[in-house]
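*Asks:* One structure is given below, represented as structure tokens, and several questions about it will come after.
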Amino acid sequence: MTVESSATLVRAIGRWSLAALVINSIIGSGVFGLPSVLAGLLGTASPYAVLLGALGIGIIMACFAEVGSQFRDPGGPYIYAQATFGRFAGLEVGWLTWLVRLTASAANANLFVNYFAEFWPAVSSPAPRLAMLTAIIGLLAYVNYRGVRSGTTTSNFFTAAKLIPLLIFICLGLVFLAGSSSPQPSEPAQVDWLKSVLLLVFAYGGFEAALMPTGEVKNPRRDTPFALFTALITVTVVYVLVQVVVVGTLADPNSTNRPLATAAHVFIGSGGAAFITIGALISVFGYISAAMLNVPRLTFAFAERKDFPKAFSLIHPKFRTPHVSIAAFALLVWALAVIGSFEWNASISAAARLLTYGTVCAAVLKLRKDKPDADAFRLPVGRSIAVLGIFVSLFPVSTMGMTELIVILLTTAIALSHWFVVRKIR
């Protein structure tokens with residue numbers, strides 16, 4: 001597991017860059033729309049739900065920290081499952097992980113266009129929408145094609161750029177709440193904790209994508225746990241305080257689908273909505289930039305292990321990047337964004353990721369049994385945490401709708417066919 005089969009890649013990602021990449025992979029569209037939904041489900045109790053969601057996803061991230069610290073090759077959950085449970089499990093998890101990342105990136109590309117309509121309403125019409133999607137996806141593909149250092153620098157920049165407006169919103173909002181009486185918020189007729197937790201598990205998701213370029217991380221054993229836990233703490237603080245400000249500022253936050261912009265208008269003024277809209281655009285664009293760096297390393301790992309056409313493992317002779325995998329990812333994200341909507345892509349991404357989370361949590365138990373002396377980060381009471389992680393991951397699967405179920409079954413069927421082909425060739 002520690003053999004560097006991808007030695008031609010450049011190990012240029014340090015621990016802080018990896019932490020920024022994890023944060024960038026988590027904070028996307030959810031923080032700008034989720035507060036109103038949570039307030040509608042739980043009212044003033046919604047900040048506690050944000051903490052509860054962090055606890056649930058923290059259990060899963062802890063399992064990823066232990067498993068991920070044992071691998072030095074790119075691929076993330078795909079290579080974890082393959083090395084632990086065999087080629088069939090690896091292909092199933094790999095295809096589901098690819099589906100999750102493609103649809104999540106496409107959903108954020110759709111949302112970028114939706115937010116941009118605040119400044120240019122015509123962008124929602126077919127031709128400008130197509131041009132906008134092509135421009136943002138094409139630009140980020142080009143940046144990452146030019147080299148992992150430029151891709152990492154871009155990710156670091158957008159991590160800072162998306163956090164700054166959120167921190168300004170939080171600070172000004174807390175000052176406003178401290179100096180004025182808060183409106184009496186409307187409480188929901190019936191609270192729904194289960195749905196809230198499920199939404200938050202999705203909102204905290206995406207961290208697994210940052211582990212895909214492990215072949216370019218300087219010290220995966222040391223840096224993977226550090227990056228995951230640093231990101232979890234950062235994101236939790238941001239999410240909780242944003243929820244507190246929204247609930248404390250707005251009497252009926254559930255009445256708007258742009259809660260941060262509406263709240264900012266209260267304590268910043270007429271420019272508040274524009275300020276937050278720009279922050280949302282930066283956040284979503286940064287999320288896609290992180291995906292453009294992370295996800296091509298998955299198909300690179302596929303091909304490197306002879307589970308995909310050899311072209312996907314090609315390294316550019318000058319820039320030392322998996323340029324074919326980058327181009328393929330960009331093209332598929334563009335296609336899904338063009339033919340789908342934000343809601344359609346996001347719902348599929350949310351349902352599919354839970355299965356990959358459960359597999360990685362189960363890998364903790366298997367690897368501890370098979371390799372008890374592995375040079376790896378070890379969780380205290382790791383087996384108990386792994387069992388809890390499996391439950392947290394798989395319980396929400398029972399709530400998925402028919403559309404999500406069909407797409408996931410189709411993806412697993414493709415993976416099964418892929419396994420038969422690989423098995424026959426071998």
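The values are calculated or read from the model by the stated rules, or taken from the named source; none is laboratory data. Note that the structure is predicted; figures quoted are calculated from it, not measured. Cβ coordinates were reconstructed from backbone atoms using ideal geometry, including for glycine residues, and neighbour counts include every protein chain displayed.
*Asks:* Exactly one condition in (1) in contact with a Ser or Thr (Cβ under 8 Å, 6 or more places away or on another chain); (2) within 25 Å of residue 337 (Cβ to Cβ); (3) at pLDDT 85 or above is not met by residue 290; state its number.
*Replies:* Looking at each condition in turn, residue 290 falls short on (3).
*Asks:* Now for a separate question. Any residue that is aromatic (Phe, Trp, Tyr), surrounded by fewer than 24 Cβ atoms within 10 Å (Cβ to Cβ), at pLDDT 85 or above and closer than 25 Å to residue 127 by Cβ - is there at least one of those in the range 321-336? Quick ask: steps written out before the conclusion?
*Replies:* So in the range 321-336, the residues aromatic (Phe, Trp, Tyr) come out as 329, 334.
Filter again for surrounded by fewer than 24 Cβ atoms within 10 Å (Cβ to Cβ), leaving 334.
Filter once more, so that each one left must be at pLDDT 85 or above: 334.
Next, from what is left, pick out any that are closer than 25 Å to residue 127 by Cβ: 334.
For the range 321-336, residues aromatic (Phe, Trp, Tyr), surrounded by fewer than 24 Cβ atoms within 10 Å (Cβ to Cβ), at pLDDT 85 or above and closer than 25 Å to residue 127 by Cβ: present.
*Asks:* Let me ask something else about it. Tell me, which residue of the range 115-128 that is in contact (Cβ under 8 Å) with a residue 24 or more places away in the chain and outside any loop (DSSP other than H, G, I, E, B) is surrounded by the fewest Cβ atoms within 10 Å (Cβ to Cβ)?
*Replies:* Residues of the range 115-128 in contact (Cβ under 8 Å) with a residue 24 or more places away in the chain: 115-116, 118-119.
Still in the list and also outside any loop (DSSP other than H, G, I, E, B): 115-116.
On the way: 115: 23, 116: 20.
My answer is 116.
*Asks:* Which residue pairs have Cβ atoms closer than 8 Å, lie 6 or more positions apart in sequence or on different chains, and pair a first residue in the range 247-265 that is without any contact (Cβ under 8 Å) to a residue 40 or more places away in the chain with a second residue that is surrounded by fewer than 20 Cβ atoms within 10 Å (Cβ to Cβ) and outside any helix (DSSP H, G or I)?
*Replies:* From residues that are without any contact (Cβ under 8 Å) to a residue 40 or more places away in the chain, the pairs are 262/256.
*Asks:* Please give the number of the condition residue 405 fails out of (1) part of a helix (DSSP H, G or I); (2) of a type outside the set (D, E, K, R); (3) loosely packed, with under 12 Cβ neighbours inside 10 Å.
*Replies:* (3)
*Asks:* Still on this structure, I have one more. What are the residues in the range 35-48 that are surrounded by fewer than 24 Cβ atoms within 10 Å (Cβ to Cβ) and either among the aliphatic types (A, V, I, L, M) or over 19 Å from residue 252 (Cβ atoms) (or both), if any?
*Replies:* Those that are surrounded by fewer than 24 Cβ atoms within 10 Å (Cβ to Cβ) and either among the aliphatic types (A, V, I, L, M) or over 19 Å from residue 252 (Cβ atoms) (or both): 37, 41, 42, 45, 48.
*Asks:* Quick one: which helices (runs of 4 or more DSSP H) sit completely within the range 214-329 and have at least 2 residues that are more than 29 Å from residue 67 (Cβ to Cβ) and under 18 Å from the mean Cα position of the chain (by Cα)? Even if it seems obvious, please write down each step before you answer.
*Replies:* Numbers: elements: 220-249, 259-267, 272-294, 296-304.
Fully inside the range 214-329 and qualifying: 272-294.
*Asks:* Output the residue which, of all residues in the range 351-373 that are among the aliphatic types (A, V, I, L, M) and closer than 18 Å to residue 76 by Cβ, is surrounded by the most Cβ atoms within 10 Å (Cβ to Cβ). Can you show your working first?
*Replies:* Looking only at the range 351-373, we keep the residues that are among the aliphatic types (A, V, I, L, M), and these are 351-352, 354-355, 360, 362-365, 367.
Okay, now just the ones that are also closer than 18 Å to residue 76 by Cβ, so 352, 354-355, 360, 362-364, 367.
Numbers: 352: 26, 354: 25, 355: 20, 360: 28, 362: 22, 363: 25, 364: 26, 367: 21.
Within the range 351-373, the match that is surrounded by the most Cβ atoms within 10 Å (Cβ to Cβ) is 360.
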